[in-house]
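Accompanying notes for the structure given below.
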Amino acid sequence: MAGEYEKIEKVESEISEWLKDRFLKERMLFSQMAELILESLKPLAGYRQDAARGELVLLTLASRMFNDCEGAKQLLLWGLPDQALPVIRDIIECTLLFRLFQKKPKTAQKWLMNLVEYQPGDVNAKLVELGVDAKEYSLYGPLSHAGHSNLLASLSHVQEMNLGEQGMLRTVHFGSARTAETELFIQHCFGYCSF
């Protein structure tokens, strides 16, 4: 058992070494975005006896969005974009709810007090009625498709190379994908988070 754990540590060390110089620009942009999120939450933070329930709802959603962003970032930096997509989709869901609750505080109170769940399509329809153009909703469908265990959403860790007459060489990356295509996909996913 101890020998197996040493092998796992070696793989983790190699992944960490590979990641050291990757995605530096994305990390910087993400850091700036996180600072903006935290800055916008300062008015909601701290204890006040007169704090409205709506503020509690917004703070709850905002902290979930921040944690989702941090979780997605870690998965992406470890070369696991397929696993990051459902987390990114949750960011979109939280953003939609956040927008709705800002416009309709009573809806926020129902969410808080009655544990009412709102489907993203319904939330977007309500936002349209309120005149809010939630552009992030356009990402929800593709993220939903990519967040499930279907073939097309599961290929970022499979690499195929044509070896000419010898045929195709197929490599499956366990733990972290290191292909140029996957790096591009990871950058694309960071774009989702920044959107």
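Worth a mention:
- Checking residue 57 against (1) closer than 19 Å to residue 134 by Cβ; (2) at pLDDT 85 or above; (3) in contact with a helix residue (DSSP H, G or I) (Cβ under 7 Å, 6 or more places away or on another chain), the condition it does not meet: (2)
- Test: residue in segment 122-132 that is buried (at least 19 other Cβ atoms within 10 Å of the Cβ) and under 24 Å from residue 29 (Cα atoms): no
- For the criterion of being over 22 Å from the mean Cα position of the chain (by Cα) and surrounded by fewer than 17 Cβ atoms within 10 Å (Cβ to Cβ), residue 117 fails.
- Restricted to segment 110-128, and to residues there that are β-branched (Val, Ile, Thr) and over 18 Å from residue 91 (Cα atoms), the residue that is modelled with the lowest pLDDT is 116.
- Cross-chain or 6+ apart pairs with Cβ under 7 Å, segment 87-116 first and without any contact (Cβ under 8 Å) to a residue 12 or more places away in the chain, then outside any helix (DSSP H, G or I) and surrounded by fewer than 23 Cβ atoms within 10 Å (Cβ to Cβ): 110/116
- Conditions (1) in contact with a Phe, Trp or Tyr (Cβ under 7 Å, 6 or more places away or on another chain); (2) closer than 19 Å to residue 186 by Cα; (3) not charged (D, E, K, R); number of the one not met by residue 97: (2)
- Of the residues examined, residue 160 is not one that is modelled with pLDDT of 80 or more and either in a helix (DSSP H, G or I) or in contact with a Lys or Arg (Cβ under 7 Å, 6 or more places away or on another chain) (or both).
- Complete set of residues in segment 52-103 that are part of a helix (DSSP H, G or I), surrounded by fewer than 21 Cβ atoms within 10 Å (Cβ to Cβ) and among the aromatic types (Phe, Trp, Tyr): 66, 98
- Hits in segment 128-161 (condition: free of Cβ contacts under 8 Å to residues at least 24 places away in the same chain and either aliphatic (A, V, I, L, M) or touching a His at 6+ places or on another chain (Cβ under 9 Å) (or both)): 128, 151, 152, 155, 158, 159, 161
- Test: residue in segment 129-150 that is of a type in the set (D, E, K, R) and modelled with pLDDT under 85: no
The values are calculated or read from the model by the stated rules, or taken from the named source; none is laboratory data. Fair warning: this is a prediction, and the values are worked out from it, not measured in the lab. Reconstructed Cβ throughout: ideal geometry from the backbone, glycine too, with neighbour counts over all protein chains shown.
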